[in-house]
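To keep things clear, I will list the structure first and then write my remarks on it.
The values are calculated or read from the model by the stated rules, or taken from the named source; none is laboratory data. Computed from a predicted structure; not experimentally measured. Don't worry about glycine lacking a Cβ; one is built from the backbone with ideal geometry, like all the others, and counts go over all protein chains shown. Heads up: the accessible areas ignore ligands, DNA and RNA and are worked out on the full protein's heavy atoms, side chains in. Shrake-Rupley method; radii C 1.70, N 1.55, O 1.52, S 1.80 Å.
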Amino acid sequence: MVNPREAAAAVVDPEIRVITIDELGILRSVETDPATGRVVVTITPTYTGCPAMDVIRADVRRALAAAGHPDAEVRTVYSPAWSTDWISDSGRAKLSAAGIAPPAPVARPNVVPLTLAVRCPRCGSPETEQVSRFGSTACKALWRCRSCSEPFDHLKAL
Amino acid sequence: MSADLFDFVLGLGDDALIAAQRLGEWTSRAPEMEEDIALANIALDQLGAARLLLTYAGELEGAGRDEDALAYLRGDREFRNCLLVELPNGDFAVTMAKLFFLSAYQLPLYDALAGCGDERLAAIGAKARKESAYHLDHSSLWVRRLGDGTEESHRRMQEAVDQVWPYTHELFAADPAAPVDPAGLRAGFEATVEPVLTEATLTRPGDGFTPGGGRQGLHTEHLSFLLAEMQVLHRAHPGARW
C-alpha cells in the first residue's frame, strides 16, 4: 500500500495541471482515523466558488482507492482561508515554467508594502503590464510582457 | 436565537445568490472580453459565498433544507435579500454602481464576521473578505474611470449613482441580535465610498428616499422575474440530475 499522504499529495490541480494540490497549498492534512482506520483527507478551496473542487475531491478519492484506501473520506474546510503564500517553492517554479507568473508575497497589515514587478515567465523581463484583473480561472489575472509581447497568466496574490 | 440567526444568515446568502444571478446575466454581453471574464469571475465568487451561507442557514433551520432547496424552492416572499441586488443591471454604469455599493458593504461585513463568535460565520467571513476586496477594487476603478471620463460617461455614471444610492440604506438597517449589527458598518461604508465619488467628480446623492423591505420578504417586481428564470429548470424537473 502506498502511503496515503503521498497518494493525496500527488494529485494534480485539474485547472493548472502542472502543479499538485500539495504544492498549491490546498491539501491541508491527511490523517488516519484511529477508531475506524479510515483515511481522512482535508482540503480547502482557493476561492469559495472554485468550480474545480468537485473534480479535486473525486481525484483524491480515486488516488487513495488506487493506493489501497477505497473508503477514504475527503473533508473541505474554509478556515484558515487559503493564501497564495502557501504555494511551495517547487510549486512556484513549476508555475513559472508553465508560463504562469507566480504571485508575490501577500501584503501584511502594518508592513510597508514593497511592490515587486511581475516578471514575464517567458523572457524574465520586469517590463510587464496588467491587461485584465481577472483571467481564465478565479485565481488568475491576465498580463502582457512589453519586452517580448507575449501575454501570460499571473496567479493573483490572495 | 437560532431563528434570528437563520434569518440573518439567509439574508446574507440571498444577497450573494441574487447578486451572482444578476452578474451572470452579463456573460457574453459585457462591453469587452476582459470585462466579460471579470463579471463572470465576480459572479462565481458571489455564488461561492452564497452556497456556504445557504448551506449553513439550512443547518440552522434544522428542517432538512439544503442549499438547493433554499435557492430553488422558495417563492419571492421567502427571499430575504436586500433590494439593491435584485435591481435590473441597467447599463454598465448601473451595474458598476450596484457592485461598488454592494462590495463596499460586504467587505466590512465579512471582515467583522471573521472576528465574530460564530465559528462558521467567522470562517466564511475570513474567506469571502479576500474576494470582496477584489470586487471593491475593480468596481471603484470603473466608477472613477467613468465618472472622471467623458461628458457622456460622467453623465451616465452620475445617473447610475443617483438611481442606486437610495437602496444602500437598507443594507445598514439595525439588527442588534445579529452576530454583526449592520448599523455599525454604515460609517465605514461612507468612508470608503465618498472619497471614490469625489475622485470620480461625482456628487454624493441626498438621503431622502430610503426604500427597503427586502429583509422582510417585500421585494420589487424585478425579483419574481429573476427567480422565474433561475428556478425554472429545477421546478420543471424536480430533483433532476445529470
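Going toward the positive end of the dipole of chain B, with +1 on Lys and Arg Cβ and -1 on Asp and Glu Cβ, which of B:H138, B:P88, B:F209 do you reach last?
The listed residue farthest towards the positive side: B:P88.
Which FRET efficiency value, to the nearest 0.05, do you get for A:A97 and B:D148 by plugging their Cβ-Cβ distance into 1/(1 + (r/R0)^6) with R0 = 45 Å? Write down the numbers at each step before the final one.
Values: r = 41 Å, r/R0 = 0.92.
With R0 = 45 Å, the Cβ-Cβ based efficiency is 0.60.
Amide H of A:S125: which non-local residues (sequence gap of 5 or more, or other chain) have their own amide H closer than 5 Å, using H built in the peptide plane?
Here A:C120 satisfy the definition.
With a 1.4 Å probe and all protein chains left in place, how much accessible area per residue does region B:2-236 have, in Å²? Mind dumping the intermediate values first?
Working: 9540 Å² over 235 residues.
With the other protein chains kept in place, region B:2-236 gives 41 Å² per residue.
About the Cα centre of chain B, how large is the charge dipole given +1 on each Lys and Arg Cβ and -1 on each Asp and Glu Cβ? Please answer in debye to the nearest 20.
Numbers: 21 positive and 38 negative charges, 61 e Å.
Dipole size: approximately 300 debye.
Compute the accessible area of each residue in region B:107-155 twice, once for its chain alone and once with every protein chain present, using a 1.4 Å probe on heavy atoms, and list those whose area falls by at least 10 Å².
By number: B:A123, B:A126, B:K127, B:K130, B:E131, B:Y134, B:D137, B:H138, B:L141.
At 1.4 Å probe size, with the rest of the protein present, what percent of the exposed accessible area of region B:1-103 is carbon and sulfur atoms? Present the calculation step by step, with values, prior to reporting the outcome.
Values: 1860 of 3530 Å².
Here it works out to 53 percent.
How high is the FRET efficiency between A:S149 and A:D54 when r is their beta carbon distance and R₀ equals 51 Å, given to the nearest 0.05? Show your work: numbers first, answer last.
Details: r = 37 Å, r/R0 = 0.73.
FRET efficiency, A:S149 to A:D54: 0.85.
Dipole of the protein assembly as shown (Lys/Arg Cβ +1, Asp/Glu Cβ -1, origin at the Cα centre): which of A:P103, B:Q163, B:L60 lies farthest to the positive side?
Value: A:P103.
What is the count of Lys pairs in the protein assembly as shown whose alpha carbons sit under 21 Å apart, if the two are 8 or more places apart or on different chains?
Values: A:K94/A:K140; A:K94/A:K156; A:K140/A:K156; A:K140/B:K127; A:K140/B:K130; A:K156/B:K127; A:K156/B:K130; B:K98/B:K130.
Lysine pairs satisfying the spacing and distance rule in the protein assembly as shown number 8.
How large is the dipole of the protein assembly as shown about the Cα centre if only Lys and Arg carry +1 and Asp and Glu carry -1, each at its Cβ, rounded to the nearest 20 debye?
Values: 39 positive and 55 negative charges, 199 e Å.
In debye, rounded to 20, the protein assembly as shown gives about 960.
Rounded to the nearest 0.05, what FRET efficiency is calculated for A:S90 and B:T27 with R0 set to 30 Å and r the Cβ-Cβ distance? Please list the in-between numbers first.
On the way: r = 36 Å, r/R0 = 1.19.
After rounding to 0.05, the efficiency reads 0.25.
What ranking of A:T76, A:T48, A:T32 comes out by heavy-atom accessible area, probe 1.4 Å, highest first? Can you show the working numbers first?
Numbers: A:T76 45, A:T48 20, A:T32 80 Å².
Ranking A:T76, A:T48, A:T32 by accessible area, largest first, yields A:T32, A:T76, A:T48.
Across peptide A:47-54, how many C-beta atoms of other chains are within 10 Å of each residue C-beta, on average? Display every interim value, and only then the final one.
Numbers: counts 10, 16, 15, 3, 3, 0, 1, 0.
So the per-residue partner count for this stretch is 6.
Mind pulling up the Rg/Rh value for the protein assembly as shown? Radius of gyration and Kirkwood radius, both on Cα.
On the way: Rg = 22.1 Å, Rh = 22.6 Å.
Result for the protein assembly as shown is an Rg/Rh of 0.98.
Where does helix B:2-24 land angle-wise versus the long Cα axis of chain B, in degrees 0 to 90, nearest 10?
The angle comes out at about 50 degrees.
State, in square angstrom and to the nearest 100, the accessible area buried between chains B and A, both chains counted, probe radius 1.4 Å.
Values: alone 11420 and 8730 Å², together 18270 Å².
Roughly 1900 Å² of accessible surface disappears when B and A pair.
Over what distance in Å are the Cα centres of region B:124-141 and region B:80-112 separated?
So the two Cα centres are separated by 12 Å.
Provide the packing ranking of B:229-240, A:93-104, i.e. peptides ordered by the mean count of other C-beta atoms within 10 Å per residue, highest first. Mind showing how you got there, number by number?
Working: B:229-240: 11.0, A:93-104: 18.0.
So the peptides B:229-240, A:93-104, ranked by packing, come out A:93-104, B:229-240.
How much of the DSSP beta bridge set in the protein assembly as shown is antiparallel, as a percent to the nearest 5?
Values: 15 of 21 bridges.
For the protein assembly as shown, the DSSP antiparallel bridge percentage is about 70.
Principal axis lengths of region A:88-155 from Cα atoms, whole Å, largest first?
36, 24, 23
Using all Cα-Cα distances in chain A, what percent lands in each 5 angstrom bin from 0 up to the longest?
Taking every Cα pair in chain A, the percentages come to 2, 9, 17, 19, 17, 13, 9, 7, 4, 2, 1, 0.
Rounded to a whole number, what % of the accessible area of region A:88-155 do carbon and sulfur atoms account for, probe 1.4 Å? Please list the in-between numbers first.
Numbers: 2070 of 3860 Å².
The C+S portion of the solvent-accessible surface of region A:88-155 is 54 percent.
Order the peptides A:18-24, B:210-216 from the highest to the lowest mean number of other Cβ atoms within 10 Å of their residues.
Working: A:18-24: 21.7, B:210-216: 16.3.
Highest mean packing first, the order is A:18-24, B:210-216.
How much length is gained if the chain between B:A183 and B:T203 is pulled fully straight, taking 0.36 nm per residue apart and subtracting their Cα-Cα distance, in nm to one decimal?
Details: separation 20, 0.36 × 20 = 7.20 nm, distance 2.35 nm.
Separation in residues times 0.36 nm, less the Cα-Cα distance, equals 4.8 nm.
List, in order, the whole-Hz ³J(HN,Hα) value for each residue of region A:19-32 obtained from phi through the Karplus relation with A = 6.51, B = -1.76, C = 1.60 and θ = phi - 60°; use x for Gly and Pro.
10, 8, 5, 6, 5, 6, x, 9, 8, 8, 6, 10, 10, 10
To the nearest 500 deg cm²/dmol, what mean residue ellipticity at 222 nm is calculated for the protein assembly as shown from DSSP H runs of n ≥ 4 alone, each contributing -39,500 (n - 2.57), summed and divided by the residues? List each step's numbers first, then the result.
Values: 13 runs with 190 residues, N = 400.
Value at 222 nm, helices only: -15500 deg cm²/dmol.
Residue by residue through region A:139-154, what is 3J(HN,Hα) from phi via Karplus (6.51 cos²θ - 1.76 cosθ + 1.60, θ = phi - 60°)? Round to whole Hz and write x for glycine and proline.
8, 10, 10, 9, 10, 9, 9, 7, 7, 9, 6, 7, x, 8, 7, 10
Which residues does a label at B:E59 reach in region B:108-148, if reach means a backbone N under 12 Å from a point 7 Å past the Cα toward the Cβ?
B:119-124
With every protein chain present, what is the per residue accessible area of chain A (1.4 Å probe, Å²)?
On the way: 7800 Å² over 158 residues.
The answer is 49 Å² per residue.
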